[in-house]
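Presented below is the structure to which this report refers.
The values are calculated or read from the model by the stated rules, or taken from the named source; none is laboratory data. All figures in this text were calculated on a predicted structure; none of them were measured in a lab. Cβ placement follows ideal geometry from the backbone for every residue including glycine, while neighbour counts extend to all protein chains displayed.
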């Protein structure tokens, strides 16, 4: 059997919509999650630890002082729930 050689990166076909710097912002990456963070406002102390540890930078403070994820980009990794000192965030199955 003949050994296949790898092509140079310049020869790769364009398979994604990321074509130039900054164009990834238009991709809604939250579509592949199965779990979603839910906030219990009674337990939340509005400390912002969830925002600090979110690897997707999709959690931000809202007008009411609570921190909530942008579900278009949240991948449901659960890091926010893991880092919450008051266990105010729980991961639940997302209903579609």
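Structure summary
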{"quantity": "Residues of the stretch 31-41 satisfying the condition of being loosely packed, with under 15 Cβ neighbours inside 10 Å and under 15 Å from the mean Cα position of the chain (by Cα)", "calculated": "31, 32, 34, 38"}
{"quantity": "Selection status of residue 44, buried (at least 16 other Cβ atoms within 10 Å of the Cβ), more than 12 Å from the chain's Cα centre (by Cα) and either at pLDDT 95 or above or part of a loop (DSSP other than H, G, I, E, B) (or both)", "calculated": "yes"}
{"quantity": "Conditions (1) in a loop (DSSP other than H, G, I, E, B); (2) under 16 Å from the mean Cα position of the chain (by Cα); number of the one not met by residue 90", "calculated": "(1)"}
{"quantity": "Index of the failed condition, residue 76 passing every other in (1) surrounded by fewer than 16 Cβ atoms within 10 Å (Cβ to Cβ); (2) at positive phi; (3) under 14 Å from the mean Cα position of the chain (by Cα)", "calculated": "(1)"}
{"quantity": "Qualifying residue in the stretch 57-66 (condition: out of contact with any strand residue (DSSP E or B) (no Cβ under 8 Å at 6 or more places or on another chain) and either at pLDDT below 95 or surrounded by 14 or more Cβ atoms within 10 Å (Cβ to Cβ) (or both))", "calculated": "yes"}
{"quantity": "Candidate set from the stretch 83-96 (those that are out of contact with any helix residue (DSSP H, G or I) (no Cβ under 7 Å at 6 or more places or on another chain) and farther than 21 Å from residue 29 by Cα); member that is surrounded by the most Cβ atoms within 10 Å (Cβ to Cβ)", "calculated": "88"}
